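To start, the structure itself, in structure tokens.
The values are calculated or read from the model by the stated rules, or taken from the named source; none is laboratory data. The structure displayed is predicted, hence computed values, not measured ones. Heads up, the Cβs are rebuilt from the backbone with ideal geometry, glycines too, and the neighbour counts pull from every protein chain shown.
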């Protein structure tokens with residue numbers, strides 16, 4: 001195939017510099033949508049094929065530091081939670097990551113809803129946390145201070161009487177409108 005046959009632009013029109021730049025951005029964004037899952041699948045395959053100790057040693061060689069090793073393990077955990085047949089192509093890896101701790105029968109409908117309602121990954125995180133609280137799965141599977149904070153807020157909300165919830169909701173809306181600053185009682 002020639003370069004002209006591979007081009008997304010009609011042969012009669014030469015793409016502008018902006019169109020070329022935009023096409024490259026679309027290509028890179030497409031790679032970004034799949035790359036985390038590809039790495040996670042690669043790690044999962046390695047763990048299934050080799051002894052877990054060998055994979056841990058390999059991670060030590062691949063990862064730049066302990067934080068990078070944790071990030072790689074997260075990719076593997078999410079890829080394992082959502083095999084290719086259960087991934088939603090219209091949603092990012094982050095969308096899936098927010099639901100990886102939920103049972104499959106809970107996570108898949110939330111993925112569908114996230115796609116249908118065009119929810120962001122942060123909104124999916126909130127929905128997942130609320131569902132975890134409802135199911136009694138309140139302990140996050142990994143050390144995550146944001147999950148701990150979210151759990152504390154959910155627990156406080158659930159213990160509060162309705163009038164307190166209403167007042168707090170109004171204060172939270174005001175803080176959100178002001179750039180998510182501090183809530184003053």
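For the range 96-106, name all the residues that are assigned to a helix (DSSP H, G or I) and over 15 Å from the mean Cα position of the chain (by Cα). Before you say what the answer is, go through the steps one by one.
Going residue by residue through the range 96-106, those that are assigned to a helix (DSSP H, G or I) are 96-99, 104-106.
The answer is 104, 105, 106.
Checking the conditions here, which among 114, 128 is modelled with pLDDT of 95 or more and under 12 Å from the mean Cα position of the chain (by Cα)? Lay out the reasoning, then the answer.
Numbers: 128 fails: modelled with pLDDT of 95 or more.
From the options 114, 128, the qualifying one is 114.
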Only one of (1) surrounded by fewer than 11 Cβ atoms within 10 Å (Cβ to Cβ); (2) under 25 Å from the mean Cα position of the chain (by Cα); (3) at pLDDT below 85 fails for residue 48. Which number is that? (3)
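Of these, 100, 81, 160, which one is in contact (Cβ under 8 Å) with a residue 24 or more places away in the chain, touching a helix residue (DSSP H, G or I) at 6+ places or on another chain (Cβ under 8 Å) and surrounded by 11 or more Cβ atoms within 10 Å (Cβ to Cβ)? Before you say what the answer is, go through the steps one by one.
Details: 100 fails: in contact (Cβ under 8 Å) with a residue 24 or more places away in the chain; 160 fails: in contact (Cβ under 8 Å) with a residue 24 or more places away in the chain.
Within the list 100, 81, 160, the selection yields 81.
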When you check residue 177 against the structure, is it surrounded by 11 or more Cβ atoms within 10 Å (Cβ to Cβ) and free of Cβ contacts under 8 Å to residues at least 12 places away in the same chain, yes or no? no
Checked 29, 58, 14 against criteria (modelled with pLDDT under 90 and surrounded by 12 or more Cβ atoms within 10 Å (Cβ to Cβ)); the one match is 58
